[in-house]
Amino acid sequence: MSQEIQKGLSRAEDREFFERELASFVPDSVFDAHCHVWQRGAFTLPDSLAAFHTVGFDMYLDLMEDLHPDRRMAALFIPFPPQPARLRQANQWTAEQAAAHPDFRCLFFVAPNDDPEWVREEVKRLGAVGLKCYHTYANVKPTWEAQIPDFLPEKFIKVADEEGWVITLHMVRSRAVADPGNIKWIRHYCEQYPNMTLILAHSARGFQPAHNLEGLPQLRGLDNLYFDTSANCEQMAHQSIIRILGHEKLMYGSDLMASHGRGRSVGTADTFLWLGDESPVWVEKHMTIKPVLVGLEHLRSLKWACWSERLSDSAVEDIFWNNAAKLFNVNS
């Protein structure tokens, strides 16, 4: 099916799920504080998105209809980590997509060896509001065990502090926010550079929520620390942030492209796993299960977290719009 004809990926079970579980929960206005856009050939797409070889501003809006139809949308566009040779092109193109609407913002993807003064100039030239990094650019093996400065050196934090930028961080290491090294560097960066705002992606990468329950109390008192919910399907990951640090610190994020796979993340033992469309778990003795989009499972987990914490409608609206709109200076 051509990209011009295919507008989204929702199936009947997705639409039924939304109406049953989410229609009365998702507010009228949604700021997506963590989502990716991309160009053809930047990387190998998952099978679920093979028809969407290029996703810019217009296609992003079409795909969001799969998750929360008929809502006012704004977003923080993040370049998907491309091949190093395509970083400049990805940053340029992402900025052009964000410029299509005054409520949209973008981040600038940095590699550890980038010159911080060049980064400063490029971020200003492109109108970005901050930085994104990723562990695959760290010069350590395996990169999943990289310390934060291995892929987010302090030289970038200093510039972000001077310019008042945000930085979205997908931390790694096996115990995520419970890891002593991650706690050390998050506190150091936030305390030493108070004019920089640090956003911990995936609800502090709390795909195993026990890590959040252990680590988040050690991050109290950091006014410039925020979180986005992106693609985390564990209720307690979001709920722990709300209870320990406050709902004002949490922002919804779809994590397109992960949002449009099928299945969900599952915390198990002291780690987590992903159940995908092809995982051999969907046929049970009582029925064959039709997995829905990850983005819908993620939204339901956020609904359960808000319900469990007895959040008011206005607090839910904060998570979906007001917190991000304030941080990124978007009109309400």
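Throughout, read-outs are computed from the coordinates displayed, never taken from laboratory work. Model, not experiment: these values are computed from the prediction. Cβ atoms come from the backbone with ideal geometry, glycine included; neighbour counts cover every protein chain shown.
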Residue in the stretch 123-133 that is in contact with an Asp or Glu (Cβ under 6 Å, 6 or more places away or on another chain) and within 27 Å of Phe151 (Cα to Cα) present
no
Taking the stretch 57-85 and the residues there that are among the aliphatic types (A, V, I, L, M) and over 17 Å from Leu107 (Cβ atoms), the one that is surrounded by the fewest Cβ atoms within 10 Å (Cβ to Cβ) would be Ala85
Single match in Ala90, Ala111 (criterion: more than 30 Å from Glu19 (Cα to Cα) and crowded, with 18+ Cβ neighbours inside 10 Å)
Ala90
Out of everything in the stretch 114-127 that is within 15 Å of Val166 (Cβ to Cβ) and in contact with a Phe, Trp or Tyr (Cβ under 7 Å, 6 or more places away or on another chain), what residue ends up being surrounded by the fewest Cβ atoms within 10 Å (Cβ to Cβ)?
Leu126
Considering residues of the stretch 192-242 that are among the β-branched types (Val, Ile, Thr) and assigned to a strand (DSSP E or B) only, the residue surrounded by the most Cβ atoms within 10 Å (Cβ to Cβ)
Ile199
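So that you can scan it fast, the table gives a plain yes or no per residue for (1) β-branched (Val, Ile, Thr); (2) touching a residue at least 24 places away in the same chain (Cβ under 8 Å); (3) out of contact with any strand residue (DSSP E or B) (no Cβ under 7 Å at 6 or more places or on another chain):
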| residue | (1), (2), (3) |
| --- | --- |
| Phe227 | no, yes, no |
| Cys233 | no, yes, no |
| Ser240 | no, yes, yes |
| Ile244 | yes, yes, yes |
| Asp270 | no, yes, yes |
| Glu284 | no, no, yes |
| Leu293 | no, yes, no |
| Asn331 | no, yes, yes |
Some residue of the stretch 150-158 being over 14 Å from Lys184 (Cβ atoms), surrounded by 16 or more Cβ atoms within 10 Å (Cβ to Cβ), in contact (Cβ under 8 Å) with a residue 24 or more places away in the chain and in contact with a His (Cβ under 8 Å, 6 or more places away or on another chain):
yes
